[in-house]
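Here is the structure we will look at, set down as structure tokens.
The values are calculated or read from the model by the stated rules, or taken from the named source; none is laboratory data. Keep in mind the model is a prediction, meaning the values are calculated, not measured. Cβ coordinates were reconstructed from backbone atoms using ideal geometry, including for glycine residues, and neighbour counts include every protein chain displayed. Side chains are part of the model used for accessible areas, which takes the heavy atoms of the whole protein and leaves out ligands, DNA and RNA. Shrake-Rupley method; radii C 1.70, N 1.55, O 1.52, S 1.80 Å.
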Amino acid sequence: MNSNVENLPPHVLRLVYKEVSALAADPPEGIKIYPSEEDITELHTSIEGPEGTPFAGGIFRMRLVLGKDFPAVPPKGYFLTKIFHPNVGHKGEICVNVLKRDWKAELGLRHVLLTIKCLLIHPNPESALNEEAGRLLLEDYAEYESRARLLTEIHAMGGPGGTSGAPQDPNDGPQPKKHAGDPMKRAGPSMAAVPAALGNGANGASTTSSNSNSSSNISNVAGKKKADKKRALRRL
């Protein structure tokens, strides 16, 4: 979708920039803001799936697009993370009254984000974009919950086969094992202790040799004293 930066009046751009900056610095609970310095008219966010719903544990990426007539006309909202929800279409479009007939220019983007988060807690099957999800919500909640939870696990949670809804930190996820190529450290303490054991053995051998030399010297001295004693007796 094309940027509307050039289509919005300067005073509107200043207000949008001010509000987006405030949202990024102090976002609503469970919501993160990822403003773009290049295009302030497209706001990327992520919403944590509320506890007690089939979306709990998931991170759902979303974007708000401000048209050339904003704020007279409400922004358009889209889920970028696939979700099974009555009020979210197959292309991610969001149907909620605040983005339609209930919109007022003074409501602001914070109100929009909070309303969309509340929509995850209280779906409205009467204005369903996903008719199957709306029907199941009314007729078979257990099946609706099962389908919604399955898509949450597949698309909104990190792990094999799934994609995390938030931009991934390069430090997240499994890290390479340090020392993986070091056989001494891979073998464990017993292997690492081998050099010390060898060192003790060498010192022990040295000590044994030293003791043998000392015993030999003592025997020589005793023998010499005995011979001197015999010579002294002969002189008598």
Pick from region 30-48 the residues that are open to solvent by less than 10 Å² (accessible area, probe 1.4 Å) and either of a type outside the set (A, V, I, L, M) or in a loop (DSSP other than H, G, I, E, B) (or both): which of them is farthest from residue 75 (Cα to Cα)? 46
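Which of the residues spanning region 57-69 are open to solvent by less than 20 Å² (accessible area, probe 1.4 Å) and either part of a loop (DSSP other than H, G, I, E, B) or among the acidic types (Asp, Glu) (or both)? Quick ask: steps written out before the conclusion?
Restricting attention to region 57-69, the residues satisfying the condition of being open to solvent by less than 20 Å² (accessible area, probe 1.4 Å) are 58, 60, 62, 64-66.
Residues satisfying the conditions are 58, 66.
Residues 121, 94: which one is under 30 Å from residue 12 (Cβ atoms), at pLDDT 95 or above and aliphatic (A, V, I, L, M)? Steps first, answer last, please.
Details: 121 fails: under 30 Å from residue 12 (Cβ atoms).
Within the list 121, 94, the selection yields 94.
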Out of the residues in region 75-101 that are open to solvent by 20 Å² or more (accessible area, probe 1.4 Å) and assigned to a loop (DSSP other than H, G, I, E, B), which is nearest to residue 32 (Cα to Cα)? 80
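Do we find that residue 53 is open to solvent by less than 40 Å² (accessible area, probe 1.4 Å), more than 16 Å from residue 111 (Cα to Cα), within 23 Å of the chain's Cα centre (by Cα) and in contact (Cβ under 8 Å) with a residue 60 or more places away in the chain in this structure?
yes
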State whether one or more residues within region 41-48 are at pLDDT 95 or above, polar (S, T, N, Q) and within 22 Å of the chain's Cα centre (by Cα). yes
Here the residues within region 2-21 that are open to solvent by 50 Å² or more (accessible area, probe 1.4 Å) and either in contact (Cβ under 8 Å) with a residue 40 or more places away in the chain or hydrophobic (A, V, I, L, M, F, W, C) (or both) are 7, 15, 19
